Amino acid sequence: CRKRNSRFFAMLNGDDNVENETGTVRQLLAKLCKASLRATFPDDLELEPLVAICTGKFGDYQFNNAMGIWSKIKGQPGPFNKPFSVGEAIRKTLPPSDMIESTSVAGPGFVNVVLSKPWIAKRIHAMLLNGIGTWAPVLSVRRAVVDFSSPNIAKEMHVGHLRSTIIGDSLARMLEFSNVEVLRRNHVGDWGTQFGMLIEYLFEEFPNWDDAGEQAIGDLQLFYKASKKKFDEDNTFKERAQQAVVQLQGGSPNYRRAWQQICEISRREFDQVYQRLGVHLEEMGESFYSPYIPGVLHELDNKGLIQESDGARVIFLDGYNIPLIVVKSDGGFNYASTDLAALWYRINEEKAEWIIYLTDVGQSQHFEMFFSAAKRAGWLPQDGGYPKTTHIGFGLVLGSDGKRFRTRSSEVVRLADLLDEAKAQSKKQLIERGREDEWTPEELEEAAEAVGYGAVKYADLKNNRLTNYTFSFNQMLDVRGNTAVYLLYAHARICSIIRKSGKDVEELKMTGSIQLDHVNECILGIHLIQFPEIVEDAITNLLPNTLCEYLYNLSEIFTKFYSTCRVVGSEEETSRLLLCEATAVVMRQCFYLLGIKPLYKL
Ligand code: ARG
């Protein structure tokens, strides 16, 4: 049966390697289902398998094609008199497979599939031997741009940028795990009109700025505030600042040097945050794309997309009562012109198939509009397919007062301060648990950072990104809640079970095997092998919170297993230790995909 089955896969894959079972369980089942559909129904129905994970007591997975097929063939002569009989036909023509223990048809034709326990056990064991990379979902996209974080030079990097950084990094990690080449782009705002104001202020207040260097600027955010104040209050300064923009964009050396200096200071501040968060990004800011703007606008003009309106040059788009402005009435370019040039570059020069942007939902309309302009220009296919663009919006971070998260003095919260606080609080917690006496100072630092930064990330990622959430250190550091701390403890506990067994896991992997006999072993086994599907779903629906939910459930399911199945000293010790190890491996991969650093003891 095994051999036949493998050959069957090879046939579907069109390759010669008969042992090549790549893809998630759902994808493997879909191949079986597809074969059954092909064998049972006419080709012109163009049926695609519908396979879903199911948590009911009748099966582990379900084929959901019957209802849809019934609606197409109902009334036609043939062997089918109700959806149930369609389901029954799918069930009967399924190719034999050692994946499946049993099948049954329920209700309006759902085909329930119970997976074979030995097959699940083997799959888990193979993952332990060959690495979790072998479980990666197979996606149709090969190269993607993820445009995330993207703060503005000299302005504050606020919690909105933090959300973009955390969610964007997690998504990029999931895509990378799925073997997509990801171009991680930091589209920093380094070319706006604010630079005229900043540079003019610098020149006027610090005539020797070139020597004074960084000291002249001091604290970049205070410097920004002071220059903004002057800009708003002093009309002649405003004019001089506007002239400065022209100088800068025209390439005047003095102005460019000042610009570079300012960017450099900002960049260093951003980098510190990225380093602490373990986030890697490649900066390609607005200035990078500015040389491409004239050519791109020329192309759009040639295609008849651009019109004059109130002295500005705009693109009118169906469904919007305001046009997309691409050249302002003063002749300057704006956010949209840069984004059009960047999109052009990403499609044509970088050959990205999927271009993903992360900002708060407040910018949704900007993205919808320039995507729609790109469609009209023929850069993106009208009716789906690649290249494609997606804007991932997210809600606000709120303070305990239910308003936008701010400091007590209503200032924007600095990310560095926020991370300091997270680390300090988690360190305090670790000291209260007596870790200061057990660990070296370095270990304490490392754990405080992993827990503190992990808490901030997880508290963000566990929410559906579209909803607002309330920032609370107390909540995110609660060891009993659905928090990073709780999960990191759960993982460390599994590591300690394995350590205390005194067994060498590498050795067990080579010589032992896994059996799933106890019901809670079976539940744990199924949950483990579903991991890649959850990653796939999180990517398809662009919802990292699905992965958090999975991780939390995994730790609860493990607890149930551990409280009912004795591990160390039992007859099933080897198999159960391997299950512990597999759980730890999957948990670590979840942590990795969420950007959280796992700890082996806590
Ligand atoms: N700098 C922008 C902001 O802070 C975000 C940029 C997002 N990326 C883009 N290609 N528009 O709001």
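The values are calculated or read from the model by the stated rules, or taken from the named source; none is laboratory data. Source: prediction; values computed, not measured. For neighbour counting, all protein chains shown are included, and Cβ atoms are generated from backbone atoms with ideal geometry for every residue, glycine included.
For PHE148, the test of being of a type in the set (Phe, Trp, Tyr) and free of Cβ contacts under 8 Å to residues at least 60 places away in the same chain is failed. The listed residues are PHE63, PHE84, and the only one of them that is among the aromatic types (Phe, Trp, Tyr), buried (at least 16 other Cβ atoms within 10 Å of the Cβ), over 33 Å from the mean Cα position of the chain (by Cα) and not assigned by TED's automatic domain parsing to the domain that holds ILE523 turns out to be PHE84. What about ARG257, is it among the basic types (Lys, Arg) and under 20 Å from GLY331 (Cβ atoms)? Considered against the rule, which asks whether it is among the basic types (Lys, Arg) and under 20 Å from GLY331 (Cβ atoms), ARG257 comes out as no. All conditions but one from (1) more than 15 Å from LEU324 (Cβ to Cβ); (2) away from the ligand (no atom under 16 Å from the Cβ); (3) in contact (Cβ under 8 Å) with a residue 60 or more places away in the chain apply to GLN382; the one that does not is (3). Restricting ARG465, ARG406, ARG433, ARG376 to residues that are in contact with a Pro (Cβ under 8 Å, 6 or more places away or on another chain) and either modelled with pLDDT under 95 or of a type outside the set (A, V, I, L, M) (or both) narrows the list to ARG465. Filtered by the rule that a residue be within 24 Å of the chain's Cα centre (by Cα), surrounded by fewer than 21 Cβ atoms within 10 Å (Cβ to Cβ) and more than 16 Å from GLY168 (Cα to Cα), the stretch 381-396 gives GLY384, GLY385, TYR386, LYS388.
Counting residues in the stretch 164-175 that are closer than 20 Å to ARG276 by Cβ, surrounded by 17 or more Cβ atoms within 10 Å (Cβ to Cβ), free of Cβ contacts under 8 Å to residues at least 60 places away in the same chain and within 16 Å of the ligand (Cβ to nearest atom) gives one or more. Residues that are surrounded by fewer than 19 Cβ atoms within 10 Å (Cβ to Cβ) and within 16 Å of the ligand (Cβ to nearest atom) were ranked within the stretch 176-212; the one that is nearest to ILE539 (Cα to Cα) is LEU183.
Criterion first (over 28 Å from ASP210 (Cα atoms) and either modelled with pLDDT of 95 or more or of a type outside the set (D, E, K, R) (or both)) does GLN260 satisfy it?
Spelling it out, it is not the case that GLN260 is over 28 Å from ASP210 (Cα atoms) and either modelled with pLDDT of 95 or more or of a type outside the set (D, E, K, R) (or both).
The helices (runs of 4 or more DSSP H) located wholly in the stretch 505-602 that include 3 or more residues which are modelled with pLDDT of 95 or more and within 27 Å of TYR274 (Cβ to Cβ) occupy 531-540, 545-564, 573-594. Just checking, does the stretch 328-342 include any residue being among the acidic types (Asp, Glu), within 30 Å of VAL246 (Cα to Cα) and under 25 Å from the mean Cα position of the chain (by Cα)? Taking every residue of the stretch 328-342 in turn, at least one turns out to be among the acidic types (Asp, Glu), within 30 Å of VAL246 (Cα to Cα) and under 25 Å from the mean Cα position of the chain (by Cα). Would it be correct to say that ARG240 is in a helix (DSSP H, G or I), at negative phi, touching a residue at least 40 places away in the same chain (Cβ under 8 Å) and in contact with a strand residue (DSSP E or B) (Cβ under 9 Å, 6 or more places away or on another chain)? Against the criterion (in a helix (DSSP H, G or I), at negative phi, touching a residue at least 40 places away in the same chain (Cβ under 8 Å) and in contact with a strand residue (DSSP E or B) (Cβ under 9 Å, 6 or more places away or on another chain)), ARG240 does not qualify. Just one residue in the set ILE100, ILE73 is of a type in the set (A, V, I, L, M) and surrounded by fewer than 18 Cβ atoms within 10 Å (Cβ to Cβ); that residue is ILE73. For residues in the stretch 38-60 being touching a helix residue (DSSP H, G or I) at 6+ places or on another chain (Cβ under 9 Å) and hydrophobic (A, V, I, L, M, F, W, C), which is farthest from GLN76 (Cα to Cα)? In this case the residue turns out to be ILE53.
Residue count for the stretch 115-125 under the criterion of being out of contact with any Phe, Trp or Tyr (no Cβ under 8 Å at 6 or more places or on another chain) and either in the same structural domain as TRP70 (by TED's automatic domain parsing) or within 28 Å of LEU37 (Cβ to Cβ) (or both): the result is 7. Of all residues being surrounded by fewer than 16 Cβ atoms within 10 Å (Cβ to Cβ) and among the small types (Gly, Ala, Ser) in the stretch 279-305, which is nearest to GLN215 (Cα to Cα)? Just the residue, please. Ranking the qualifying residues of the stretch 279-305, first place goes to GLY295. Counting the residues of the stretch 351-375 that are touching a Leu at 6+ places or on another chain (Cβ under 6 Å) and surrounded by fewer than 19 Cβ atoms within 10 Å (Cβ to Cβ) gives 1.
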